[in-house]
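Each value in this text was obtained by applying a stated rule to the coordinates, not by laboratory testing. Here the structure is a predicted model, which means the values were calculated and not measured. Heads up, the Cβs are rebuilt from the backbone with ideal geometry, glycines too, and the neighbour counts pull from every protein chain shown.
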Amino acid sequence: MRCGHRAVDGFTLIEVVVAIAVLAIGILTLAGAAAATVRSMADSERITDAARTAEMERERASSTTCAASAGVDSVGGARIAWSAAPAGAMLSMSQTISLPGTATVSIAAGESCR
């Protein structure tokens, strides 16, 4: 018989606390990554909608006669400014897509007049 020593199965309190802390850090990291992914997906959707609208405006401007035109649209929080001006037998077009907090994209193109 041994005095003062006993065999104990299980975990100490400090081991349990450390395990819970590691688990909590992992869960918080995953939650942060999920939130960033959701934000990124929302931004991508806004960019796609704005690009689609800009493309429609470009097609509309190039399908009409070679006349000067300009306008501003707003789609999903994005601001799209565009202008078209005749330049000889070409129609010179420029577009600026501004997404608050994300990016501003400028596009310049030329197409033959119809």
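Can you grab the distance from the C-alpha centre of the stretch 97-112 to the C-alpha centre of the stretch 13-60, Å, no decimals?
Using only Cα atoms, the two centres lie 25 Å from each other.
Note the listed values (1) 10.2; (2) 25.0; (3) 11.0, then indicate which one is mean projected area of the Cα convex hull in nm² calculated from this particular structure.
Only one listed value fits the structure, namely (3).
Using the number of other C-beta atoms within 10 angstrom as an exposure proxy, rank I20, I97 with the fewest first.
Lowest to highest Cβ neighbour count: I20, I97.
If you build a Gaussian network model of the chain, linking Cα atoms that sit under 10 Å apart, which residue out of V38, V18, V75 swings the most?
It is V18.
Give the calculated FRET efficiency between T29 and T96 to the nearest 0.05, with a Förster radius of 35 Å applied to their Cβ-Cβ distance.
0.40
Let's test the formula: R0 of 41 Å, r as the Cβ-Cβ distance of A21 and A42. What FRET efficiency results, to the nearest 0.05?
0.80
Cα axis of helix 13-63 to longest principal axis of the chain: angle in degrees, 0 to 90, nearest 10?
10 degrees
How high is the relative contact order of the chain? Use alpha-carbon pairs under 8 Å, at least six apart in sequence, and give a whole percent. It would help to have the intermediate numbers written out before the result.
Details: 131 pairs, mean separation 20.8, N = 114.
After rounding, I find 18 percent.
To make sure I understand, if each residue's beta carbon is the centre and we count other beta carbons within 10 Å, what order do C113, C66 fall in, fewest to most?
So the ranking, lowest neighbour count to highest, is C113, C66.
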